[in-house]
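First comes the structure, then the notes that go with it.
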Amino acid sequence: MTTMLSVSNLSKVYEGGFTALKDINLDIRRGEIFALLGPNGAGKTTLISIICGLVNASAGKVTVGGHDIVDDYRAARSLIGLVPQELTTDAFETVFSAVSFSRGLFGKAPDPVYIEKVLRSLSLWDKRNNKIMTLSGGMKRRLLIAKALSHEPRMLFLDEPTAGVDVELRRDMWNLVRGLREDGVTILLTTHYIEEAEEMADRIGVIRKGEIILVENKATLMHQLGKKQLTVHLQSPLDAVPDSLAAYALERGEDGHALTYTYDTEREHPGITDLLADLNTAGIGFKDVNTTQSSLEDIFVSLVKK
Amino acid sequence: MNLYAIKSIYRFEMARAWRTLTQSIISPVLSTSLYFVVFGAAIGSRIPEVDGVSYGSFIVPGLIMLSLLTQSISNASFGIYFPRFTGTIYEVLSAPVSYLEIVIAYVGAAASKSLILGVIILATAGLFVDLRIEHPFWMMLFFVLTAITFSLLGFIIGIWADGFEKLQLVPMLIVTPLTFLGGSFYSIKMLPPFWQTVTLFNPVVYLVSGFRWSFYGIADVSPALSLGMTVFFLVACIALVAWIFKTGYRLKP
């Protein structure tokens, strides 16, 4: 798979000395959905802003579709669509004219048919003659996406695209993003909703304090870092874990009513059968068992806490 | 050149003027008409001719220049400040648009609006006083150059301002007083010699004088000097705008 976005040794130090990005290296493959996760202030928006031309880099190089974002900014930017985090819109414009304006900015001839297609795909066609100030927050978010798609970009940046939108709209947006990917559009999204990254991303990057600390395929990440746990719900509470079970490193929970065993699914013998047999031997009765697996959120939290 | 982008920004800005027709066109025309009524008809009838021109006619170029300066600054400063204020500037900055194209679009729209307004005021003046334009080519040149220069100045103010108060600061506290004291309503020859010299430090004197010369062939300073000063202001503003874009001042951190 070829590279759509290449970031090399990128750094950003703002006036006043705050270092927002430190020597970032990142390649995004053509046609993939890449989720960039990170806590507030980690540098996600700064990274996107530099790529899109809103912030000057202090050092490093960025290419989009092989075009340098500084030396060949016209070619690079014409490939890019940006959906910003904030709901920044012109209140007095109509939906249709705002989207048409965006298309013109990117040097494309007017194409009402294409604009109609975009507006319909975002359920905005009925609102095309409405002033933007009359739209709900969710509608404004859709409008920003429509504006970003108005010039048929090959790479879309979604900066917290579903912040503050309801569940239904979020699902709609996920479907839209999947549809764009099927059309070959490369997508980089930043999000606080781990569920979003888990649902959509092919690869995940984690940024912390201006540094990329991890880039991995989502499945591999969850496989490598995901832990599985078996919880045994006891018939009678235990004051302490018997010495005979020390090898399992069990954790007492629910005031002694439950024992939790963390195991590695990669091992040939995870030890579950042995544990249950040893519980039986120790005379510890149980009424139920259940297993849980780490979510991406658990993995993310453990990474950024380090 | 990204002509579609220039056209989009230009049309967007012009559409804003039409949306706010009262504020953009009707209000300045009304105020200028009031000047004609007060200074031209009421008071002007008691003032003798200035260099062979009736006082009502004499003030027409100054009044047009007053509107041209204030409206060019106001249109251009608001045009670029408002997207900065709302955050929609991100779209222009992330588009494949060069700085030159951005300036052409915003300044072109601001200058167009002021020129339209100037023509309307000129036509309105024709209803109140006798007008003649002795040098139509030079009149148009001063007219267009001044509109572009002060639209550029407005653009600079719109980028410099970090609040609506600052947006009004330069037009209200500097440009308007300079215009009033720049011979819009009088010939600087009417002033005592000392104040005539002081007035020559007011750049608006050269604009008003050159513009008035193109109407009636009378001037406080040489028309060539007026043109030279106008071009000098234009070049100074272009240089400042170029510096702004080169450094990203207040646009790109």
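The values are calculated or read from the model by the stated rules, or taken from the named source; none is laboratory data. Given the structure is predicted, the values throughout are model-derived calculations rather than measurements. In this analysis, Cβ positions are derived from the backbone assuming ideal geometry, glycine residues included, and neighbour counts consider all displayed protein chains. Keep in mind that these areas ignore ligands, DNA and RNA; they rest on the heavy atoms of the full protein, side chains included. Shrake-Rupley method; radii C 1.70, N 1.55, O 1.52, S 1.80 Å.
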| note | Output field shielding_mean for B:12-20 (other chain Cβ, 10 Å radius) holds 2
| In the protein assembly as shown, what percent of the accessible surface is made up of carbon and sulfur (1.4 Å probe, ligands and nucleic acids excluded)? | 58
| field | Buried area at the A-B interface (accessible, heavy atoms, 1.4 Å probe, summed, Å²) | value | 2500
| Degrees separating the helix B:3-19 axis from the principal Cα axis of chain B, which is the longest one | 60
| message | For chain B, take the longest principal axis of its alpha carbons; what is the angle in degrees between that and the long axis of helix B:223-247, to the nearest 10 within 0 to 90? | response | 20
| query | To the nearest 10 Å², what's A:Asp172's accessible area with a 1.4 Å probe? | reply | 70
| field | Distance histogram for region A:3-223 (every C-alpha pair counted, 10 angstrom bins, percent rounded to whole numbers) | value | 8, 34, 37, 19, 3
| field | When chain B is reduced to its Cα atoms, the Kirkwood hydrodynamic radius in Å | value | 18.7
| request: Would you mind giving the mean number of other chain beta-carbons within 10 Å of the Cβ of each residue in A:86-93, as a whole number? | output: 4
| So for region A:3-223, taking the charge dipole from beta-carbon charges (+1 Lys/Arg, -1 Asp/Glu), which of A:Ala109, A:Met133, A:Asn9 sits furthest toward the positive end? | A:Ala109
| remark: If every Lys and Arg gets +1 and every Asp and Glu gets -1 at its Cβ, then about the Cα centre region A:227-305 yields a dipole, in debye to the nearest 20, of 100
| query | Percent relative contact order of chain A, based on C-alpha pairs within less than 8 angstrom and at least six residues apart? | reply | 20
| field | Linear extension gain, A:Thr291 paired with A:Lys61, 0.36 nm per residue minus alpha-carbon span | value | 78.2 nm
| field | For region A:43-52, Karplus couplings with θ = phi - 60° (6.51, -1.76, 1.60), whole Hz, Gly/Pro x | value | x, 4, 5, 4, 4, 4, 4, 5, 4, 8
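At 1.4 Å probe size, with every protein chain present, just tell me what the per residue accessible area of region A:227-305 comes to in Å².
On the way: 4900 Å² over 79 residues.
So region A:227-305 comes to 62 Å² accessible per residue, rounded to a whole number.
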| note | In Å², rounded to a whole number, the accessible area per residue of region A:3-223 with probe 1.4 Å is 40
| field | For B:Phe232, solvent-accessible area (1.4 Å; no DNA, RNA or ligand), Å² | value | 120
| request: Would you check the accessible area of B:Met190, probe 1.4 Å, heavy atoms only, in square angstrom rounded to 10? | output: 110
| Under 5 Å, built H, 5+ apart or other chain: amide partners of A:Leu214 | A:Val206
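How high is the relative contact order of chain B? Use alpha-carbon pairs under 8 Å, at least six apart in sequence, and give a whole percent.
On the way: 308 pairs, mean separation 64.5, N = 253.
It comes to 25 percent, rounded to a whole number.
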| task | Can you check how the C-alpha radius of gyration of the protein assembly as shown compares to 2.2 N^0.38 Å, as a plain ratio? | result | 1.36
| query | So how far, in whole Å, is the C-alpha centre of region A:148-204 from the one of region A:38-103? | reply | 15
| query | Roughly how many Å is it from the Cα centre of region B:150-173 to that of region B:47-76, as a whole number? | reply | 22
| message | If the only charges are +1 at each Lys and Arg Cβ and -1 at each Asp and Glu Cβ, what is the size of the charge dipole of region A:184-256 around the Cα centre, to the nearest 20 debye? | response | 320
| query | Ignoring ligands, DNA and RNA, how do A:Arg30, A:Arg181, A:Arg141 rank by accessible area with a 1.4 Å probe, largest first? | reply | A:Arg30, A:Arg181, A:Arg141
| query | Which far-off residues, 5 or more places away or on another chain, put their amide H under 5 Å from the one on A:Met4, with H placed in the peptide plane? | reply | A:Ile28, A:Arg29, A:Arg30
| Counting only protein chains, not ligands or nucleic acids, how are B:Trp195, A:Trp174, B:Trp213 ordered by accessible area (probe 1.4 Å), most first? | B:Trp195, B:Trp213, A:Trp174
| For A:Thr88 and B:Ser27, FRET efficiency with R0 = 30 Å and r from the beta-carbon atoms, rounded to 0.05? | 0.55
| query | Roughly what % antiparallel, to the nearest 5, for the DSSP beta bridges in chain A? | reply | 65
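Could you rank A:Lys227, A:Lys218, B:Lys113, B:Lys166 by how accessible they are, 1.4 Å probe, largest area first? Spell out each step's value before the answer.
Numbers: A:Lys227 110, A:Lys218 40, B:Lys113 20, B:Lys166 65 Å².
Order by accessible area, largest first: A:Lys227, B:Lys166, A:Lys218, B:Lys113.
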| query | What's the angle, to the nearest 10 degrees (0 to 90), between helix B:203-216's Cα axis and the longest principal axis of chain B? | reply | 60
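Can you tell me what share of the DSSP beta bridges in the protein assembly as shown is antiparallel? A percent to the nearest 5 is fine. Walk me through the numbers on the way to the answer.
Working: 38 of 56 bridges.
Around 70 percent antiparallel, to the nearest 5.
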| Of A:Phe286, A:Thr260, A:Leu275, which is farthest on the positive side of the dipole of region A:252-292, counting Cα position, with +1 on Lys and Arg Cβ, -1 on Asp and Glu Cβ, and the Cα centre as origin? | A:Phe286
| request: Using a 10 Å cut-off on Cβ to Cβ distances, tally the other chain neighbours for every residue of A:52-60 and report the average as a whole number. | output: 3
| Which whole-number value in Å² is the accessible area per residue of region B:161-253, probe 1.4 Å? | 49
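In debye, nearest 20, what is the charge dipole magnitude of the protein assembly as shown about its Cα centre with +1 on Lys and Arg Cβ and -1 on Asp and Glu Cβ, if you could check? It would help to have the intermediate numbers written out before the result.
Working: 49 positive and 51 negative charges, 418 e Å.
For this selection, approximately 2000 debye.
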